[in-house]
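Heads up, the thing below is written out as C-alpha cells.
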Amino acid sequence: MVILLQCSDRVGLVADISAVMATAGLNIISMKEFVNVDENRFYIRLEIQGATNPEQLQQQLKARLPEDTEISIRPYEKRK
C-alpha cells in the first residue's frame with residue numbers, strides 16, 4: 001500500500017510514523033520525505049508491505065501526529 005501524509009513539521013515525525021508501522025507489523029519498503037521550511041510543512045510518501053486495516057492504520061497515525069495531519073492510504077499499483 002502507499003501512504004501519503006502531510007502535516008506541520010516537528011522533531012520526531014519519522015520516528016512516530018515508523019513506530020506506528022512497526023506496531024502494526026508493517027514493513028516500510030520505500031520512504032521519501034520532504035520539508036518545506038518556509039511553510040513548516042512535512043510531506044512523506046511511504047510504500048508499505050503487510051496486511052492491515054487502512055481505516056485503523058489512519059486512526060493510529062492521527063493519534064500520534066499533529067492535529068493538521070492529512071493522510072491518504074491506497075493500494076500499491078505498479079506503474080505501467
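Can you tell me how many residues in region 53-68 are without any contact (Cβ under 8 Å) to a residue 40 or more places away in the chain, assigned to a loop (DSSP other than H, G, I, E, B) and either surrounded by 10 or more Cβ atoms within 10 Å (Cβ to Cβ) or among the basic types (Lys, Arg) (or both)?
1
What's the total number of residues in region 7-20 that are in a loop (DSSP other than H, G, I, E, B) and in contact with a strand residue (DSSP E or B) (Cβ under 7 Å, 6 or more places away or on another chain)? I'd like the intermediate steps shown before the answer.
Residues of region 7-20 in a loop (DSSP other than H, G, I, E, B): 9-12.
So of that shortlist, the ones also in contact with a strand residue (DSSP E or B) (Cβ under 7 Å, 6 or more places away or on another chain) come out as 9.
Residues that pass the stated criteria total 1.
Please verify whether Glu47 is closer than 13 Å to Ser72 by Cα and modelled with pLDDT of 95 or more, treating the condition exactly as stated. Full working, then the answer.
Numbers: closer than 13 Å to Ser72 by Cα: yes; modelled with pLDDT of 95 or more: yes.
Yes: the conditions hold for Glu47.
Say we look at region 21-44 and pick out the residues that are of a type in the set (Val, Ile, Thr) and assigned to a strand (DSSP E or B); which of these is surrounded by the fewest Cβ atoms within 10 Å (Cβ to Cβ)?
Applying the first criterion (of a type in the set (Val, Ile, Thr)) to region 21-44 yields 23, 28-29, 35, 37, 44.
So of that shortlist, the ones also assigned to a strand (DSSP E or B) come out as 28-29, 35, 44.
Values: Ile28: 16, Ile29: 11, Val35: 13, Ile44: 17.
By that ranking, first place goes to Ile29.
Does Asp16 satisfy the condition of being exposed (fewer than 13 other Cβ atoms within 10 Å of the Cβ), modelled with pLDDT of 95 or more, out of contact with any Asp or Glu (no Cβ under 9 Å at 6 or more places or on another chain) and of a type in the set (Asp, Glu)?
On the way: exposed (fewer than 13 other Cβ atoms within 10 Å of the Cβ): no; modelled with pLDDT of 95 or more: yes; out of contact with any Asp or Glu (no Cβ under 9 Å at 6 or more places or on another chain): yes; of a type in the set (Asp, Glu): yes.
No: the conditions fail for Asp16.
In region 18-35, how many are without any contact (Cβ under 8 Å) to a residue 24 or more places away in the chain and more than 23 Å from Glu77 (Cβ to Cβ)? Walk me through it before giving the result.
Initially, region 18-35 is screened for residues without any contact (Cβ under 8 Å) to a residue 24 or more places away in the chain, giving 18, 22, 27-34.
Applying the additional criterion that residues be more than 23 Å from Glu77 (Cβ to Cβ) yields 18, 22.
Looking only at that region, the number is 2.
The values are calculated or read from the model by the stated rules, or taken from the named source; none is laboratory data. As the structure is a computational prediction, the values presented were derived from the model and not from experiment. Here the Cβ is made from the backbone with ideal geometry for all residues, glycine too, and neighbour counts use every protein chain on show.
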